[in-house]
Amino acid sequence: MVHLMSIPKIDQKQSKHSRTRSVKVTAGQWKISGSVGDWSGFGLWLGACTADMSAYKGLAFDIGGRVGRSDQVTLFVNTGPDSVPEQCRSNVGNCDAKANRCTSPSHKILVNSEMTHVQLLWSDFNGGSPRSTPDPTEIIGLTWAFDWTDWGGKKSDPYPVDVTVDNIRLIE
């Protein structure tokens with residue numbers, strides 16, 4: 001089972017600049033729109049909480065739309081070793097936040113106004129902590145994050161997003 005999620009659930013209490021986003025799935029297309037005024041993203045959470053995707057080389061999808069001035073999103077491969085236990089419904093995450101940074105491996109993706117095909121191997125993702133690259137036997141989800149800057153308490157100006165993701169599939 002795969003669950004669609006919007007991360008985090010944003011309302012006016014959490015950020016005066018964020019607006020509740022619209023998330024629609026129609027005929028297999030995933031459309032996310034709204035205003036980003038703080039850390040925000042969307043993703044797939046795996047119902048069993050851990051999926052062994054080692055039989056696959058990576059994933060592919062089509063993406064297009066508006067995602068702010070940077071024209072990019074960051075895709076995180078969430079794994080048990082890089083996630084703290086409370087991030088997973090069945091407590092599969094096993095990263096000790098006191099000893100580690102607990103960051104999922106990621107890859108930045110350029111987003112054009114037109115739909116573009118993206119193909120990423122598991123080895124294309126890096127920067128995770130404590131494990132730099134994803135272990136495909138322990139995937140718990142995928143998270144696309146919009147760019148947001150918070151330098152010394154000075155946040156970026158809010159911006160509109162309107163992005164479509166389609167044809168998500170695993171690469172054999």
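The values are calculated or read from the model by the stated rules, or taken from the named source; none is laboratory data. All values reported here derive from a predicted model rather than from experimental measurement. All Cβ positions, glycine included, derive from the backbone under ideal geometry; neighbour counts span all protein chains shown.
Odds and ends about this structure:
- Within region 109-134, residues that are more than 22 Å from residue 166 (Cα to Cα) and without any contact (Cβ under 8 Å) to a residue 40 or more places away in the chain sit with their Cβ atoms under 7 Å from residues that are assigned to a strand (DSSP E or B) and of a type in the set (Ser, Thr, Tyr), at 6+ positions apart or across chains, in these pairs: 127/103; 127/106.
- Qualifying residue in region 137-154 (condition: under 25 Å from residue 170 (Cβ atoms), out of contact with any Gly (no Cβ under 6 Å at 6 or more places or on another chain), at pLDDT 80 or above and polar (S, T, N, Q)): yes
- Residue check for residue 11: at pLDDT 65 or above, surrounded by fewer than 16 Cβ atoms within 10 Å (Cβ to Cβ) and of a type in the set (Asp, Glu): no
- With a requirement of 2 or more residues that are surrounded by fewer than 17 Cβ atoms within 10 Å (Cβ to Cβ), of a type in the set (D, E, K, R) and at pLDDT 85 or above, the strands (runs of 3 or more DSSP E) lying completely within region 34-109 that satisfy it span 58-66.
- Residue match in region 123-133 (condition: part of a strand (DSSP E or B) and either in contact with a Leu (Cβ under 9 Å, 6 or more places away or on another chain) or modelled with pLDDT of 85 or more (or both)): yes
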